[in-house]
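The values are calculated or read from the model by the stated rules, or taken from the named source; none is laboratory data. The model shown is predicted, which means the values in this text are computed figures rather than measured ones. Here Cβ is always computed from backbone atoms with ideal geometry, including for glycine, and neighbour counts include all displayed protein chains. The protein model used for the area step is the full one, side chains on, heavy atoms only, and it has no ligands, DNA or RNA in it. Shrake-Rupley method; radii C 1.70, N 1.55, O 1.52, S 1.80 Å.
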Amino acid sequence: MGTSVQVTPLCGVYNENPLSYLVSIDGFNFLIDCGWNDHFESSLLQPLSRVASTIDAVLLSHPDTLHLGALPYAMNKLGLSAPVYSTEPVYRMGLLTMYDQFLSRKQVSEFGLFTLDDIDSAFQSVTRLTYSQNHHLSGKGEGIVIAPHVAGHLLGGTIWKITKDGEDVIYAVDFNHRKERHLNGTVLGSFVRPAVLITDAYNALNNQPYRRQKDKEFGDVLKKTLRAGGNVLLPVDTAGRILELVLMLESYWADENLNYPIYFLTYVASSTIDYVKSFLEWMSDSIAKSFEQTRENIFLLKNITLLVNKADLDNAPEGPKVVLASMASLEVGFSHDIFVDWGNDVKNLVLFTERGQFGTLARMLQADPPPKAVKVTVSERVPLIGDELIAYEEKQNLIKKEEALKASLIKEEELNASQGADNNTTDPMVIDTGNNQPSPEVAVAKNGGYRDVFIDGFVPPSTSVAPMFPCYENASEWDDFGEVINPDDYVIKEEDMDQTANNLGGDINGKLDEGAASLIFDTKPSKVIADERTVQVRCSLVYMDFEGRSDGRSIKNILSHVAPLKLVLVHGSAEATEHLKQHCLKNVCPHVYAPQIEETIDVTSDLCAYKVQLSEKLMSNVLFKKLGEYEIAWVDAEVGKTENDMLSLLPISDTPRPHKSVLVGDLKLADFKQFLSTKGVPVEFAGGALRCGEYVTVRKVGDATQKGAGSGTQQIIIEGPLCEDYYKIRDYLYSQFYLL
């Protein structure tokens, strides 16, 4: 039987909530994505909390909050302790995203769901992989291979391929088949007939206009607003789609010779662009080629100024400007504050480039028609003064005194315990330590604890049999390599780390944006004050789809080409999910599932696949041929059983009968056309067939992507008169396959 596969959605089905899914393969539990929304609703994580301790590995697909926002909380509060896998950009950009989320909330609330230390701790467990890199799991996951592949949409975005016993489970959500300025399109179309495909229905009902038309409309609306004296606010994510928008604005400003200022405002704006400059190999082929030719980094921004606090924006010169600010939801962050300031001016424009999350201010403003007024909460952190400051300091002093008293009691207990019953006071060279209560002046505070020092003499020794001036014998252990050391002696204590450096994200090389650093290192007593306001929405509100996802028409075409044996639909509105489900049942495959939250579906393959052991005698006569990642061979054998009752293939006793030649491989006419061109053969497409030279035509007959179709239903036909060209093209055609 096939590999056992069960899928259990934990969040993000029949709605647009964050993505989180449990995929079990032969008992090995993968948590694929660990998202949260911008409201950080704890109720969304209840299904995850029930299975967190059983997770064996976590796979992250994209570096935004919807795909990894709950990782720090789950690691610190829910008992998730599994290794995490992602690409390098997902790791770096995801880290910056979570920093920006935390800092945005800490500035306007007493946010306590997770801390910067929780973020660092969670991301320290991430193993970074490159695209197409096969990573073999060990232990419980022995035999399972995971590999990230290009998804598009966001930098480092990943389609996960999980392979066990030759069967593939593909997880592909939020992919984009279109090539963009900074990203290549997805490679999902290169997978054919996987055992299971898990994908989303988020865009199933949406069809997008052509890119050139969208870009023109985008530029026109910006230019119209700026020339009328208005400001433009683009609420954006921290380190995702913002990169495409940055390149669009840079290109448009250069082409149109515009001189209006553009500002990119987040707590980690500088770090984001700095890291992106080093990720060119993860971007589109055109960017890599341009860098090779000119040695100029495309993210050396000429028209965009990076800001890390709103005060810099407030001090900017008066006049029309464009501001890209986080968060895209308008719930918190700089974008929220700027909207409050600009929303009541008819000259201004708020341009949304992605759909707002459900229940957020951005989603409310994207309604048709938009509201005429919205109630918002404006919060800010201010330092304590007067009586509040005095009360705070008194409380802190009381806490310090309690901690000091507790430390002294612990010290006293340790000294009492060390004195013991073997106290020998008859020896004149031994100090009488019967009274082991140290005087208050003998202990001084250091780093919050108490340590003994010499005052008018010495401190009584901790043992009862020490000479007047203690001499400690070195009792170190030695082995063949030298002195045996205790690793714990070299571990830096937490309190020492806090005093020496408050390094935000140790793995981020200690680099801090100025605004983020000032917020973190500011230890002045403060409080948050909130003010309820009503904003009259007089500014223009425009939504343009620059989410970078494949639209409904493209999704259907790709799924028809991939033709999975079983299809699982997740993440999308109920209407979109049902629409795509019905389409796929008719045109893709007969096994389509759309499970509910915590509903486990069994998508074990129906293939008749068995594990067998090949005997050494049989293996000695088998000739293997390389086929991609595998080696294949034709085997004539008899089926038997080993002593462990496992199936085994044994050499047949009689002479094997000859078999027909088998051609193994998957020919794509576009690839064959390129191959023939390198051989000097004139070739072109005509009427869906490949015209080779003057007389020979190669065509495919049948459609392997139809429901229930197998690879055997598709044939390659070569037509033409028996001539030299015919035989030459046929030989070239055979060379594209493996002959068994």
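List of remarks:
- Net charge contributed by nearby residues that have their C-beta within less than 13 Å of A689 (K/R +1, D/E -1): +2
- Using the Cβ-Cβ distance between V622 and V681 with R0 = 30 Å, the FRET efficiency computed as 1/(1 + (r/R0)^6) comes to roughly 0.25.
- Counted charge near P194, where neighbours are those whose Cβ lies closer than 11 Å (Asp, Glu -1; Lys, Arg +1): +1
- Segments 310-322, 548-560 sorted - mean Cβ within 10 Å per residue, highest first: 548-560, 310-322
- Heavy atoms of K289: accessible area, 1.4 Å probe, square angstrom to 10: 120 Å²
- Between K411 and T655, the modelled labels are 9.6 nm apart [label points 7 Å from Cα along Cα→Cβ].
- With DNA, RNA and ligands ignored, accessible area of I718 (1.4 Å probe; Å², nearest 10): 40 Å²
- Note on S615 and F737: the extension gain reaches 41.1 nm, defined as 0.36 nm multiplied by sequence separation minus the Cα-Cα distance.
- When peptides 12-23, 325-336 are ranked by their average number of other Cβ atoms within 10 Å per residue, the highest-first order is 325-336, 12-23.
- Contour excess over end-to-end distance, with Cα ends at T600 and E638 and 0.36 nm allotted per residue: 9.8 nm
- Accessible area of S125 in the full protein assembly, 1.4 Å probe (Å², nearest 10): 40 Å²
- Taking 0.36 nm per residue of separation and subtracting the current Cα-Cα distance, fully stretching the chain between S132 and K400 would add 91.0 nm.
- Pairwise label distance in nanometres, Q674 with E578, each label 7 Å out on the Cα-Cβ vector: 4.4 nm
- Probe 1.4 Å, all protein chains present, accessible-area order of H135, H182, largest first: H135, H182
- Element breakdown for segment 1-123 at a 1.4 angstrom probe: carbon and sulfur atoms account for 48% of the accessible area.
- Descending by average beta-carbon neighbour count within 10 Å, the peptides 371-377, 187-193 line up as 187-193, 371-377, the highest first.
- Among residues other than V378 with Cβ under 9 Å from its Cβ, the summed charge is -3 (Lys and Arg +1, Asp and Glu -1).
- Inter-site label distance for E393 and V664 at 7 Å from Cα along Cβ, in nm: 8.0 nm
- Rounded to 0.05, the FRET efficiency of the R533 and A254 pair, given R0 = 45 Å and the Cβ-Cβ distance, is 0.70.
- Calculated FRET value between Y727 and L585, using beta carbons and R₀ = 60 Å, to 0.05: 0.85
- Which of L623, L567 is most accessible, then next, and so on - probe 1.4 Å: L623, L567
- Checked against a 21 Å cut-off, the cross-linked pairs K106/K524; K223/K302; K679/K728 all give Cα-Cα distances at or below that limit.
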